[in-house]
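The values are calculated or read from the model by the stated rules, or taken from the named source; none is laboratory data. Please read these numbers as outputs of a predicted model, since none were measured by experiment. All Cβ positions, even for glycine, are placed from backbone atoms using ideal geometry, and neighbour counts span all protein chains on display.
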Amino acid sequence: MKGIIFTEFLEMVEEKFDYQMVDNIITDAHDPLDGAYTSVNTYDHAQLVNLVIALHKRSGIPLPDLLRTYGEYLFGGLAKNYPELLKDIKDPFDMLLNIEILIHTEVRKLYPEANPPQFTGNQLDEKTIELIYNSHRSMGDVAEGLIHGCGAHFGVNFNVKQTEIDNNGQTVKFRIEKI
């Protein structure tokens with residue numbers, strides 16, 4: 001998993017809590033890097049899971065809520081760090097339905113070793129799309145947060161219904177409706 005995923009998480013924790021919380025969860029998670037992540041390196045996603053669990057235990061916030069909040073925050077960070085990827089996109093549905101072409105193709109060019117989740121989707125009507133998330137990392141709640149972050153970026157509110165397609169969360173279906 002790319003380091004920017006880690007750096008944005010730690011920035012979110014510092015912003016929403018404080019630096020002491022960042023230090024505490026790094027200690028609690030027995031983070032082998034002591035939080036010294038760089039945005040361009042690649043790390044084991046299990047390290048992020050440990051940090052999220054540590055934050056959950058310290059804050060008492062349910063894991064799905066933390067992951068969705070993080071996903072929404074992450075979209076903002078990615079949009080800020082890679083504005084060229086979004087510059088020609090005017091509608092959040094265009095972005096969501098074309099993640100593989102518009103975003104993940106570019107990610108793989110920049111970072112050939114990257115293994116982003118896969119998204120496929122289709123438009124059901126002018127206000128509704130269906131998006132299928134597939135990843136061995138089982139982070140559908142983060143994906144839901146990213147969807148909300150995408151809507152916020154484009155000034156559109158979404159009603160998102162998440163349905164797990166398999167038992168371990170590797171494949172999740174989202175029904176996304178503009179409201």
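Report, ordered by the first and then the second residue, all pairs with beta carbons closer than 8 Å, sequence separation of six or more or different chains, a first member in segment 23-42 that is in contact (Cβ under 8 Å) with a residue 60 or more places away in the chain, and a second member that is assigned to a loop (DSSP other than H, G, I, E, B).
Pairs found: Val40/Tyr111; Thr42/Met1; Thr42/Tyr111; Thr42/Glu113; Thr42/Ala114.
Here is a check on your reading of the model: is Ala54 assigned to a helix (DSSP H, G or I) and surrounded by fewer than 20 Cβ atoms within 10 Å (Cβ to Cβ)?
Values: assigned to a helix (DSSP H, G or I): yes; surrounded by fewer than 20 Cβ atoms within 10 Å (Cβ to Cβ): no.
No; evaluated as a whole, the condition is false for this residue.
Could you go through segment 153-175 and let me know if any residue there is closer than 19 Å to Ile4 by Cβ, touching a helix residue (DSSP H, G or I) at 6+ places or on another chain (Cβ under 8 Å) and either assigned by TED's automatic domain parsing to the domain that holds Asn41 or surrounded by 14 or more Cβ atoms within 10 Å (Cβ to Cβ) (or both).
The answer is yes; a qualifying residue exists.
Going by what's in this entry, would Glu106 be described as surrounded by 15 or more Cβ atoms within 10 Å (Cβ to Cβ) and either in contact (Cβ under 8 Å) with a residue 12 or more places away in the chain or in contact with a Lys or Arg (Cβ under 9 Å, 6 or more places away or on another chain) (or both)?
Values: surrounded by 15 or more Cβ atoms within 10 Å (Cβ to Cβ): no; either in contact (Cβ under 8 Å) with a residue 12 or more places away in the chain or in contact with a Lys or Arg (Cβ under 9 Å, 6 or more places away or on another chain) (or both): yes.
Spelling it out, it is not the case that Glu106 is surrounded by 15 or more Cβ atoms within 10 Å (Cβ to Cβ) and either in contact (Cβ under 8 Å) with a residue 12 or more places away in the chain or in contact with a Lys or Arg (Cβ under 9 Å, 6 or more places away or on another chain) (or both).
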